[in-house]
C-alpha cells in the first residue's frame, strides 16, 4: 500500500490516492482533475472507489467530472447528503460507522461529527484520513452551518484514544513541510486541541 498526496486549489486541499494491487482508492478528489488523471495514468492505477470526508464544496469541486469519467459513485455519509452539491446519481450514501473493502484493503469509516454533522475519518491499516476534523496543530472550524463544538470535542476525545503510532493525513496542508501529515503521538504533544481533548476536555469548550 502506498499513499500519494496532491495539494490542489486555492485552499491547499489534499486529495489522497491510496494505491494497492494496481488499484486506487481516492479520498476527497477536488479542484484539478487533470492533475489527478495524470498521477493515475503515470502510475498505471485503476480507480475503484471514491470517498468524501464531508460535503463542503472545496472537498469535491469538479469531482463530478472524475466520477463520470471512471463510472464511479462517491461514498458520502448520509447526514451530508443535504449539503452535497454533486448530482444525486453520482453519490452513494451510507450510515457511519461502516466498513468497506476495496483494492484488497479493509477500510473503516469512523463518524467524527463537529466540523459538519456527517464528517468522517477514514482508516486504512494504521493510516487515518481525518478530513477537516483534525489538522496538524489544529482542528476544523465549528462556526459554519451544521458545525457543533460539543460534537467536535467528543470526536477529538475518540481520536486521542487511538494508538499513538496512527499516521494522520489531513484535509488541508497547513504549516511547513508536510503540513498534511503527522501522527496521533505528535499531535498529542503539539496540538493543544487534541491534547486538551484527552487531558481536560472542559477547557476546549472555551477554545472552540
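One table, with the values for the structure above:
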read-out: Test set (1) in contact with a helix residue (DSSP H, G or I) (Cβ under 6 Å, 6 or more places away or on another chain); (2) at pLDDT below 95 - residue 177 fails condition number; value: (1)
read-out: Single residue of segment 52-64 satisfying the filter (touching a strand residue (DSSP E or B) at 6+ places or on another chain (Cβ under 8 Å) and without any contact (Cβ under 8 Å) to a residue 40 or more places away in the chain) that is nearest to residue 170 (Cα to Cα); value: 52
read-out: Meets criteria (under 26 Å from residue 30 (Cβ atoms), at pLDDT 95 or above and within 17 Å of the chain's Cα centre (by Cα)) for residue 142; value: no
read-out: Residues of segment 13-45 satisfying the condition of being in a loop (DSSP other than H, G, I, E, B) and surrounded by 15 or more Cβ atoms within 10 Å (Cβ to Cβ); value: 28, 29, 30, 31, 32, 45
read-out: Residue ID - surrounded by the fewest Cβ atoms within 10 Å (Cβ to Cβ), chosen from residues in segment 88-97 that are closer than 29 Å to residue 155 by Cα and out of contact with any strand residue (DSSP E or B) (no Cβ under 7 Å at 6 or more places or on another chain); value: 88
read-out: Flag if residue 11 is over 21 Å from residue 91 (Cβ atoms) and in contact with a helix residue (DSSP H, G or I) (Cβ under 6 Å, 6 or more places away or on another chain); value: yes
read-out: Strands (runs of 3 or more DSSP E) fully within segment 104-208 counting 2 or more residues that are buried (at least 17 other Cβ atoms within 10 Å of the Cβ), out of contact with any strand residue (DSSP E or B) (no Cβ under 9 Å at 6 or more places or on another chain) and in contact (Cβ under 8 Å) with a residue 40 or more places away in the chain; value: none
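Residues are listed down the side, and each one gets a yes or a no for (1) outside any loop (DSSP other than H, G, I, E, B); (2) surrounded by 22 or more Cβ atoms within 10 Å (Cβ to Cβ); (3) touching a residue at least 60 places away in the same chain (Cβ under 8 Å):
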position	(1), (2), (3)
47	yes, yes, no
50	yes, yes, no
66	yes, yes, no
71	no, no, no
76	yes, yes, no
81	yes, no, no
86	no, no, no
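The values are calculated or read from the model by the stated rules, or taken from the named source; none is laboratory data. The model shown is predicted, which means the values in this text are computed figures rather than measured ones. Cβ atoms come from the backbone with ideal geometry, glycine included; neighbour counts cover every protein chain shown.
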